[in-house]
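The next block holds one structure in the form of structure tokens; read it before the comments.
The values are calculated or read from the model by the stated rules, or taken from the named source; none is laboratory data. None of these values were measured; they are calculated from a predicted model. In this analysis, Cβ positions are derived from the backbone assuming ideal geometry, glycine residues included, and neighbour counts consider all displayed protein chains. Side chains are part of the model used for accessible areas, which takes the heavy atoms of the whole protein and leaves out ligands, DNA and RNA. Shrake-Rupley method; radii C 1.70, N 1.55, O 1.52, S 1.80 Å.
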Amino acid sequence: MRRRQENTPTSLVLIDGEVSSYDLNEEAKFSTIRLRKSILILGLVQLFFLVAVLVSSDKIYNFRRASLVLEDESLQKRVIRASNISRHGAIIPRRLIFTYKYNLINPSQDDPQFDEKHPLTANVLNTIEKYKQYWKMIDDSYDANENNKSAAENEAVVSFLSNEDCIEVINKAEPKLMKHFSKEKRGDFKADICRIAELYMHGGYYFDVDISVVEPVNLDKLPIQREEISDPFTQLSHIEYGSEIAMLRKEDIVTFATVINIQGVFFQAFLAAVPHHPIMKTALQYMLAYYEGKLQDILPHDALLSLANYSEIIPSRKRPQGIGVGPYTLAAAYLATSHVEWEDFANELSREGAYSSVNYSSSGRKKKMNYSRFLYEVSLTSKHITERDLFQDVPLQSHKKSKYGDGDWCNFICFGGRKVYFYSRVVGSRGCPKAG
């Protein structure tokens, strides 16, 4: 049987002036091949560009990550280099901050001349030298090959704020406080405002010019307290019974530190903080309310209850109740900022600084105590010290009776764990006159 002949579709085309038939099946076959080749080529081109983009973006990301702290001014103020964080486990900038009515170590022409024998000047220089040597010792204890930081980058920065410097930083931190700072007659109140503004903007370690360093404090070595605000006597009991709280994990980064006095309120002759800390921001707002007489309107109820043990009447500038603007408002800010705020802030620092992430504990979210450390102020002559035979390696300072009291201010010390780090007053300062 003859096979049926299939009709082949054709088309008439004009070629060189003549009409010819054209096999459409053959054309379709060649068109399909050309289309497949085009799709393949296009796919290869797209794949090439995709790989190029991924490689390029990874390089850009790595470059930005490596240079982020240098390029981003706001981040530069918040954390030190990631290599330094992993190296020291600390993120509070190495900035030594002091404030006085004039710059003791670099006075202007209109100020008293530099005098290295002046008790306050000598004390500031001693603080600078001890911390620079201590931080150098920490640096030297690490393998130099672990990072490429130059010696200059490891140097501590000294920031000594005169009255004019304070005006500049307060204007940046909280301009509404400026009129109160300008009108304030008490130097200690002016210093309260200035130190919080400076720490909020730039971070670092603040020292009163009359607090005397016995030994530089490594905040990462301090125990973590159980309560939001404890007191020195409770801590002495922990020492006596060996119940100091052990250090927690590496993720519990220190973002804030100060001293708690025997009244259970902050003795802010020493303060340390990372820049833009929420407690510092809140403290600035509370200081403004303190001057405007509105503190009672904005303090949370829980903070009021905790502070009632210190002062039943909420202070203001018109009714200070014997309380400085700084200690009360900073303690109130610490109590008012929530545990969630602290943990979120610590997590943000960890992400921006390429530090290990802050992990949740097995019991849930961490508390503010994980990210803060405290020293405690007490007198060496207190029975709480003498009856326990503590700190016997720390000598009493020789002094004469002060018109501001019996002179025992000379022998108040700031301790953490089993170590004394500061005398609250240097001999020769106000409240601790030199003997003889």
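Descriptive notes on the structure:
- Within region 94-131, restricting attention to residues that are of a type in the set (Ser, Thr, Tyr) and either in contact with a Pro (Cβ under 7 Å, 6 or more places away or on another chain) or over 13 Å from Val426 (Cβ atoms) (or both), the residue that is least open to solvent (accessible area, probe 1.4 Å) is Tyr131.
- From the options Gly431, Gly407, Gly417, Gly353, residue that is modelled with pLDDT under 90 and open to solvent by 10 Å² or more (accessible area, probe 1.4 Å): Gly417
- Here Glu312, Glu341 are screened, and the one residue that is surrounded by fewer than 21 Cβ atoms within 10 Å (Cβ to Cβ) and at pLDDT 90 or above is Glu341.
- Qualifying residue in region 139-147 (condition: surrounded by 11 or more Cβ atoms within 10 Å (Cβ to Cβ), at pLDDT below 90 and under 30 Å from Ser424 (Cβ atoms)): yes
- Candidates Pro223, Pro216: the one that is surrounded by fewer than 21 Cβ atoms within 10 Å (Cβ to Cβ), within 29 Å of Asn123 (Cα to Cα) and either at pLDDT below 95 or small (Gly, Ala, Ser) (or both) is Pro223.
- Residue in region 152-165 that is surrounded by the most Cβ atoms within 10 Å (Cβ to Cβ), counting only those that are hydrophobic (A, V, I, L, M, F, W, C) and not in a helix (DSSP H, G or I): Leu161
- Considering residues of region 166-207 that are free of Cβ contacts under 8 Å to residues at least 12 places away in the same chain and part of a helix (DSSP H, G or I) only, the residue most open to solvent (accessible area, probe 1.4 Å): Lys183
- For region 244-266, the candidate set comprises residues that are over 21 Å from the mean Cα position of the chain (by Cα) and open to solvent by 40 Å² or more (accessible area, probe 1.4 Å); within that set, the residue that is modelled with the lowest pLDDT is Ala246.
- Those residues of region 379-400 which are without any contact (Cβ under 8 Å) to a residue 24 or more places away in the chain and either touching a helix residue (DSSP H, G or I) at 6+ places or on another chain (Cβ under 7 Å) or of a type in the set (A, V, I, L, M, F, W, C) (or both), in sequence order: Leu396
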